[in-house]
Amino acid sequence: MPLQLLRPLCVFDLETTGLQITKDRIVQIAIIKLLPDGQQVNFNELVNPEQNIPDEISAIHGITNEMVAIAPTFKELAPSVIEFIGESDLAGYNSNKFDIPVLSEELLRCGIDFDLGARHFVDVQNIFHKMEQRTLAAAYQFYCGKKIENAHNALFDTLATLEVLQAQTERYTDLSQDVAGLAKFSTVGDHKIADFAGRLCFNEKEELCYNFGKHKGKTIERVFKEEPGYYGWMLEADFPLHTKQVLRKEMERIKNANSGLNLEDKLELLKNKFKKP
């Protein structure tokens, strides 16, 4: 069965200066926008990362410093990217762990808040790994009977990812055919993530929790009461901007709620304030 779309689906891929979400930058962005009526529209741009592309990274995706020297910066491209994506859902290969967090970081640096809750995210790699446990090249061969040409070029990888996704929905009769179902199936973990990097999540009660480290599974509010210094440590540590943004909003909510605490509760918070994480 073909994909069932209630709104456009943007399948995208990024090539970057490296693999560090908080530090590396985009050097190519390619998007294929699949419309509910079956039409496809492409967006493909090289990006000046405003930092050096290491030789070993250029050897992988073929994009050199010379190639992007006169390309627009991401800040210059951001309005066009946002306009092209619009209200679309998003799909990619390993996109939940890498491409979406990187895109979010770049947009936040430009002062653009990319709304996580407004759209669905389909990770084709997660669907593939749950069904077949392979790589993108193997997925393309397995589902489409083709070999990837020009691997690690964002546009060719995006084309392959779209073909694999379409083939998956045709192959597995028990796989959801709508984007919301595919997004849910391709999500890793038992809880809904709250930030693109997956450091924060919601529990069964829809309370915001830490999703890593010694406080994994604990609510932000509980940790704030037991160890207030943990919040400050996260803001100073090397976490993605979006993670910090979500955390700040939750802390503002908690502090506003705590403004009505009695004296005994306030003293308890003050006592724990200077504990180190």
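Laboratory data are not the source of any read-out in this text; all were calculated from the coordinates shown. Keep in mind that what you see is a predicted model, and the values were worked out from it rather than measured. Using ideal geometry, Cβ is built from the backbone for each residue, glycine included, and neighbour counts are taken over all protein chains shown.
With contacts taken as Cα pairs under 8 Å at a separation of at least 6 residues, the chain carries a relative contact order of 18 percent.
Subtracting the Cα-Cα distance of Arg248 and Lys205 from 0.36 nm times their residue separation leaves 13.5 nm of extension gain.
Of the trypsin sites (Lys or Arg not before Pro) in the range 114-202, the ones in a loop by DSSP (not H, G, I, E or B) with at most 13 other beta carbons within 10 Å are Lys146, Lys147. Under the combined filter of DSSP loop state and at most 15 neighbouring Cβ atoms within 10 Å, the range 1-61 retains these trypsin sites (Lys or Arg not before Pro): Lys23. Using DSSP loop states and a limit of at most 16 other Cβ atoms within 10 Å to flag GluC sites (Glu not before Pro), what is the longest stretch of the chain containing no flagged site? It runs 208-277.
Comparing Ala137, Ala30, Tyr210 along the charge dipole axis of the chain, the residue lying farthest to the positive side is Tyr210, per the Cβ-charge model.
Could you tell me how far the Cα centroid of the range 138-155 sits from the Cα centroid of the range 56-94, in Å? Here the two parts' Cα centres lie 20 Å apart. Please tell me which of these pairs span more than 27 angstrom C-alpha to C-alpha: Lys184/Lys255; Lys192/Lys214; Lys130/Lys192; Lys75/Lys218? Checking Cα-Cα distances, Lys184/Lys255; Lys75/Lys218 exceed 27 Å. Against the set (i) 69, 56, 35; (ii) 67, 48, 32; (iii) 80, 42, 32, the structure's computed Cα extents along the principal axes in Å falls on (ii).
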